[in-house]
Amino acid sequence: ASPLDEEWPEAEKAEKLARGAALKWASGVFYRPEKLEGLGHYRSRETQRNSSIQSRLKSTVQSYLEGVSVGLEQLRSAAQEVQSICQDLGAARWALLDSADRFQGLQQMRALVAEHVQLASVVQVLPQLFSVHEVFSHTLQLLHGQNLLEAHAELMMMEHLRDDILSQLHLRGLSSAQATVLSYFGGLQELNESLAKKLWDIVGNSLQLVHEDPVLFVTAVRIIEREEKIDDTLLLEATFLPPGRPKGWRQKFYHVLRETITGAHFHAARVDAEGPGLAKHLAALQKDIVAELRVVKDLMVQCVPAHYDILGVCTATYHKALTSHLQDILQEDLDKQALFLLLEWALCVYHSPQMMGHPDLLPEVDVSALGPLMSPELVDQTEKKYVVKVKASVLEWMQRTLEVEFKEWFREEEPEMDHQGFFQSALPIIVMQMLNENIQVASLITDSLQQKVYDMALEELEAFLGRLREALAQCGKEHQKDRSTPKYYVSYLLAMLNNNLALSSSVSSLHPDIARREIPASLRDALDRTQKKACQLLLEELLLDLQPLCLQLPSRKWLSGSQLIGSMCEVIDKYAKDFSHVRKPIFTLLLMESELLVTSQYLQALMQKKMVCKSEEKRDQLCDRLLQDAAQLRELFCGLGLDQSQQSLEAIFAVQELICLKDPTLLSLEVLGFITKYPDVSDEHVSTLLDLRGDVSREVRHMVLEMMAQHPQVLPESYRPIFSTIPVPAPELPHCLGKAKCA
């Protein structure tokens, strides 16, 4: 391989490819015999081409070689020059080292030059500095004469002079001279403060000045805007910030305006937390705020640039100050009237056409974007406080009403009657009117307050009914001690039943929303218990009159046909006439309970084991008496308006059938039907009735009781107990000795 092949292996590959291509071309051109004739011509042409290529290559190589020669000559010359320069630099270095001591004297000269420059700068401004105090005096005179624009112009001129001098000194690094200059301008601070004080006094009286002297207010705004532009320019350049900059007088303008508004209305001494005083205070706030906002909208807006948004700033200031002011007032221990006034004012009056929605303020004034005057949490807290105060007031009034009602029960007169002859008193009207008024008042504020007061009213009514039951019980005890006191005890109990019915029918109308008038179960239960208590006291009174007659049952006199049941009917009829003064639902209930009481007392007297039928004749006589008594009582109650299906006297007829059964061996079947009809009958009741027959053997008794044990009864839900309320005397134990001896 040639040296060229060793340096460039690609050359060999390229040569092979060229040879292969040439052979391929040649085989394609000369593969036919007739083409071989042009082979000599082709050879000479290729020889010429090769010679041309070689000559061009030689020319190119020769050109490159000449360039390389020139470059080498230049490099040689440059190396010689570099060597010469290095020699010169070395000589210069040694020369500098020899003269280093001489440069120390130049430092002192530099310091003297700098000091000279400072003195020259100070000397240039000395005439202006000497005139500063004279300008200060003139500016103060202008301020005292209310020539604010001229005074501010001179103030700006002096500040510009000071700032220009300080800026030049700052750029030259002459800090020591800056202190000298500032000492000459020390009065600028006093002038600034004096001008600012006058401006803020003007801003503080702006609402009055826009009426009386708007030029003065506009002058103040122009001065503030001048200073604001200077601040913006200096902050934008940010190369040098003079003393006292930025002044920020526009923000101070807003601050003074806000402080003026809040100080005029909301920084007063402690507000009278009582209702009348607070009402006057809120009315004054309403009047003043509307009047001042009208001034801002109609006059002040024209005196300031539009970007001040002066009406929006004042509106937001009033809104924020009112929010804080109301919170401060709510820290006091307010009565219910004051709490209501605050809620009404914040939630209703504030947004109404009488205040922030006033036609003269719309549409420019819009507080909807400022949020609520009282937060939802504060409203809820205030509503709860109000409900607590109302609750205490309602409790006091209800207690007073109950005390008056209790005293009326002991009057020597019957309770008043309505046009239908029903006993009544003013109690339900007073109570419901009191509750309804509080709910209606609360509805003027919010639905949530109305619901809170409504819930409180129902709770207080329930508690009142509990106290009313206690009062009824106390009255009943007083009557037990002396039945002549109260004189019209029954009449007032009937009046209370009518009152309770009136309360029950009126409760549902308390809530204005028909869909939310559901009475809580606890309140319904309280009304039912109050009704039951009054009915219980009436029945106890009836029982006291019936007991002397029931004690005569059974007896020989009764069996012989005395007027005992007739006397009982007279007592019942007397009470029924009294019951007619109560409304029908309660009247029917009292008749049913009276009839049940008579039945149970009659059966209880029958089961006291005072009588045992010794013969069939006695049993027949007893059965006839029972049948006549039951029929007479049934006729009485039917005549009073109590339907036979609502009566319990059927139990006396059933007992009569059990006693008059002729064949004792059939008692098991008879008793089975009896206990099926009256499942609350006990073994003791049946044993007592069997004793009353007087002809039941031990075996039959055992068979009847065993049959009852085999057929236990379950009380139906709609069953009215009869026998379970009738006690049975305990059986007499046998004595080992005679009674006299045991005694």
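Taking all protein chains together and a probe of 1.4 Å, list T530, T47 from the most accessible to the least accessible.
Working: T530 5, T47 80 Å².
These residues rank, largest area first, as T47, T530.
A simple count of charges around N50, restricted to other residues whose Cβ falls under 15 Å of its Cβ and scoring Lys, Arg +1 and Asp, Glu -1, yields +4.
C660 contributes an accessible area of around 40 Å² to the protein surface, as traced by a 1.4 Å probe with all chains present.
Beta carbons within 10 angstrom, averaged per residue: use that to sort the peptides 579-591, 349-361, highest first. Present the calculation step by step, with values, prior to reporting the outcome.
Numbers: 579-591: 18.8, 349-361: 16.2.
Averaged packing, sorted descending, gives the order 579-591, 349-361.
Share of Cα-Cα pairs in segment 355-432 beyond 22 Å, in percent? Summing the P(r) of segment 355-432 above 22 Å gives 59 percent of all pairs. Straight Cα distances below 17 angstrom link K662 to the lysines K614, K618, with same-chain residues fewer than 8 positions distant left out.
Rounded, prolate or oblate, given the Cα gyration tensor of segment 643-715, with a/c below 1.5 counting as rounded? Before the final figure, lay out each step's value.
Working: a/c = 2.19, a/b = 1.38, b/c = 1.59.
Oblate.
Computed with a 1.4 Å probe over protein heavy atoms only, the accessible area of L362 comes to about 90 Å². Projected onto planes of every orientation and averaged, the convex hull of the alpha-carbon atoms in segment 370-522 covers 10.8 nm². When the solvent-accessible area of segment 269-364 is split by element, carbon and sulfur atoms take up 54 percent of it, the probe being 1.4 Å.
When you count, for each residue, the other Cβ atoms within 10 Å and take the mean per peptide, how do 204-217, 495-508, 79-92 rank with the highest first?
Values: 204-217: 16.4, 495-508: 21.0, 79-92: 9.6.
Ranked from most to least packed, the peptides come out as 495-508, 204-217, 79-92.
Send over the Kirkwood Rh of segment 269-364, from the inverse of the averaged 1/r over different Cα pairs, rounded to one decimal Å. Don't skip to the end; give the middle numbers.
Working: mean 1/r = 0.0695 Å⁻¹.
That comes to 14.4 Å for segment 269-364.
The H on the amide N of G357, modeled in the peptide plane, is under 5 Å from the matching H of S352, each at least 5 residues off or on a different chain.
Accessible surface calculations at 1.4 Å, restricted to protein heavy atoms, place the chain at 57 Å² per residue. Per-residue surface analysis assigns E570 an accessible area of about 130 Å², computed on protein heavy atoms at 1.4 Å probe radius. The HN-Hα couplings worked out from phi for segment 667-674 by the Karplus form 6.51 cos²θ - 1.76 cosθ + 1.60 (θ = phi - 60°) are 4, 4, 5, 5, 5, 4, x, 5 Hz, whole numbers, x standing for Gly and Pro. Counting only protein chain heavy atoms and rolling a 1.4 Å probe, the accessible areas of K614, K609 rank, largest first, as K614, K609. Counting protein heavy atoms only, segment 381-531 has 51 percent of its accessible area on carbon and sulfur, 1.4 angstrom probe.
Net length available on complete extension from S505 to R245 is 85.8 nm, with 0.36 nm assigned per residue and the Cα-Cα distance removed. Lys-Lys pairs in segment 381-531 that are eight or more residues apart or on separate chains and whose Cα atoms lie under 29 Å of each other come to 10.
When K452, K385, K229 are compared by accessible area of protein heavy atoms, the largest-first order is K229, K385, K452, using a 1.4 Å probe.
Label the chain by shape, choosing from rounded, prolate and oblate, from the square roots a ≥ b ≥ c of the eigenvalues of the Cα gyration tensor; if a/c is under 1.5 it is rounded, and otherwise prolate applies when a/b is larger than b/c, oblate when it is not. List each step's numbers first, then the result.
Working: a/c = 4.70, a/b = 2.03, b/c = 2.32.
Oblate is the answer for the chain, as a/c is 1.5 or above yet b/c matches or exceeds a/b.
The values are calculated or read from the model by the stated rules, or taken from the named source; none is laboratory data. Predicted, not measured: the structure shown is a model, and the values here were computed from it. Every residue, glycine among them, receives a Cβ derived from its backbone with ideal geometry; neighbour counts consider all protein chains shown. Side chains included, ligands, DNA and RNA excluded: accessible areas come from the protein's heavy atoms. Shrake-Rupley method; radii C 1.70, N 1.55, O 1.52, S 1.80 Å.
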